[in-house]
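Single-structure report; data block below.
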Amino acid sequence: MTATRIDGKTFAAKVRGQVAEHVTRLKNDHAITPGLAVVLVGEDPASQVYVRSKGKMTVEVGMKSVEHKLDINTPEADLLALIDQLNTDPEIHGILVQLPLPKHLDEDLVINAIDPAKDVDGFHISNVGLLGTGQKSMVPCTPLGCLMMLRAHHGSISGMDAVVIGRSNIVGKPMAQLLLNDSATVTIAHSRTKDLADVVRRADIVIAAVGRPQMVPGDWIKPGATVIDVGINRLDAPEKGEGKTRLVGDVDFDSCAAVAGAITPVPGGVGPMTIACLLANTVTACCRANGLAEPVGLTA
Ligand code: GUN
């Protein structure tokens, strides 16, 4: 391996430390405690793990954490009524509805029912529009975490060639907007892209966000490029014992690390940054709601 390993775990701990400092200041100087509400509908095991982890870290940085766990058959009207109640609750500054939602619920309708100022996921159509026009918005957590790591590693990414592989609303599209707002030259590649290998080979920055295990091999990477791996894929790992699994990203780590200048590992790369950025967004939302200066370095 020749690449610098970008340690998301350490970076995320640093971001959480900065968030905790701001929370202390808000409490001591303004008697305000930032509050985050997480809504989980149903019992999807992966979602339950995420929600538990979010709740624990929210409390660790000194914020108020509220969890609403709803039955899988909850009618849409009940979920919308809960969102209304959270929208008007002065102790709640951030609202996150865990996705995916059960099939009978209209995801777009539910997300757009959240007050955009409390939309710490940055999924509300108003925030999407604000980000797309380079205005102050709430920014989706995973792309924000990737941007923070890129800025920390490079200082400025202005003028760099960036390729985002994947066009999801949660990662690919907002990631491309953030890179563009930082003056990178951005290409969005996807499943219909022709000559993907050649497109990726031109990139100084590669963001892989497709959800396909180890699909980017080292010979697609320009020597010295920075590789950010957003993928979290679970593979069987019989070598670790029967029924065991291991996590891999969307890039083939070993072959890419041999060529890249810097690379994020999986696990321990982008993953920990997502929750850290959720906490950062909650503090930002709290400051904005109270007309206070927002934290420096924790927003896009
Ligand atoms: N499910 C998986 N990732 C996310 C996320 O970032 N936000 C929400 N709300 N749900 C998710």
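Counting only residues that are within 16 Å of the ligand (Cβ to nearest atom) and either within 27 Å of THR88 (Cα to Cα) or among the hydrophobic types (A, V, I, L, M, F, W, C) (or both), which one in the range 143-159 is nearest to the chain's Cα centre (by Cα)?
LEU144
Against the condition in contact (Cβ under 8 Å) with a residue 12 or more places away in the chain and more than 30 Å from GLY261 (Cβ to Cβ), how does VAL66 come out, does it pass?
Numbers: in contact (Cβ under 8 Å) with a residue 12 or more places away in the chain: yes; more than 30 Å from GLY261 (Cβ to Cβ): yes.
Yes.
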Exercise. Given the structure, is THR74 surrounded by 15 or more Cβ atoms within 10 Å (Cβ to Cβ), within 15 Å of the ligand (Cβ to nearest atom) and of a type in the set (S, T, N, Q)?
Worked result: no
Exercise. If GLU242 passes every condition in (1) assigned to a helix (DSSP H, G or I); (2) surrounded by fewer than 17 Cβ atoms within 10 Å (Cβ to Cβ) but one, which one does it miss?
Worked result: (1)
Exercise. Looking at (1) farther than 15 Å from THR274 by Cβ; (2) touching a helix residue (DSSP H, G or I) at 6+ places or on another chain (Cβ under 9 Å); (3) hydroxyl-bearing (Ser, Thr, Tyr), which is the one condition that is false for THR88?
Worked result: (2)
Exercise. Does VAL206 satisfy the condition of being closer than 25 Å to ILE125 by Cβ and buried (at least 22 other Cβ atoms within 10 Å of the Cβ)?
Worked result: no
Problem set entry | Single residue of ARG151, ARG192 found to be open to solvent by 10 Å² or more (accessible area, probe 1.4 Å) and without any contact (Cβ under 8 Å) to a residue 24 or more places away in the chain | ARG192
Seminar exercise, completed: The one condition ALA162 fails out of (1) crowded, with 20+ Cβ neighbours inside 10 Å; (2) outside any helix (DSSP H, G or I); (3) within 15 Å of the ligand (Cβ to nearest atom) is (3)
Exercise. Identify, please: which residue in the range 249-274 is open to solvent by 10 Å² or more (accessible area, probe 1.4 Å) and of a type in the set (A, V, I, L, M, F, W, C) and is, among those, farthest from GLY224 (Cα to Cα)?
Worked result: VAL266
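Confirm whether ILE170 is in contact (Cβ under 8 Å) with a residue 12 or more places away in the chain, open to solvent by 10 Å² or more (accessible area, probe 1.4 Å), among the hydrophobic types (A, V, I, L, M, F, W, C) and not in a helix (DSSP H, G or I). Spell out how you get there, then give the answer.
On the way: in contact (Cβ under 8 Å) with a residue 12 or more places away in the chain: yes; open to solvent by 10 Å² or more (accessible area, probe 1.4 Å): yes; among the hydrophobic types (A, V, I, L, M, F, W, C): yes; not in a helix (DSSP H, G or I): yes.
Yes.
This table checks each residue for (1) away from the ligand (no atom under 16 Å from the Cβ); (2) closer than 17 Å to ARG288 by Cβ; (3) open to solvent by 50 Å² or more (accessible area, probe 1.4 Å).
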| site | (1), (2), (3) |
| --- | --- |
| ASN28 | yes, no, yes |
| ILE32 | yes, yes, no |
| LEU40 | no, no, no |
| GLU43 | no, no, yes |
| ALA46 | no, no, yes |
| LYS56 | yes, no, yes |
| VAL59 | yes, no, yes |
| LEU82 | no, no, no |
| VAL97 | no, no, no |
Problem set entry | Scan of the range 276-300 for residues that are surrounded by fewer than 24 Cβ atoms within 10 Å (Cβ to Cβ) and touching a residue at least 24 places away in the same chain (Cβ under 8 Å), ordered by number | CYS287, ARG288, ALA289, ASN290, LEU292, PRO295, GLY297, LEU298, THR299, ALA300
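Based on what the data block shows, is VAL227 assigned to a loop (DSSP other than H, G, I, E, B), within 22 Å of GLY268 (Cα to Cα) and of a type outside the set (Phe, Trp, Tyr)? Break it down into steps so the answer makes sense when it comes.
Numbers: assigned to a loop (DSSP other than H, G, I, E, B): no; within 22 Å of GLY268 (Cα to Cα): yes; of a type outside the set (Phe, Trp, Tyr): yes.
Against the criterion (assigned to a loop (DSSP other than H, G, I, E, B), within 22 Å of GLY268 (Cα to Cα) and of a type outside the set (Phe, Trp, Tyr)), VAL227 does not qualify.
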Exercise. Taking the range 100-142 only, how many residues are touching a residue at least 60 places away in the same chain (Cβ under 8 Å), away from the ligand (no atom under 15 Å from the Cβ) and closer than 22 Å to SER47 by Cβ?
Worked result: 0
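The values are calculated or read from the model by the stated rules, or taken from the named source; none is laboratory data. Everything numeric in this text was worked out from a predicted model, so none of it was measured. Glycine also receives a Cβ, built like all others from the backbone with ideal geometry; neighbour counts cover every protein chain displayed. The area values use the complete protein model at the heavy-atom level, side chains included, leaving out ligands, DNA and RNA. Shrake-Rupley method; radii C 1.70, N 1.55, O 1.52, S 1.80 Å.
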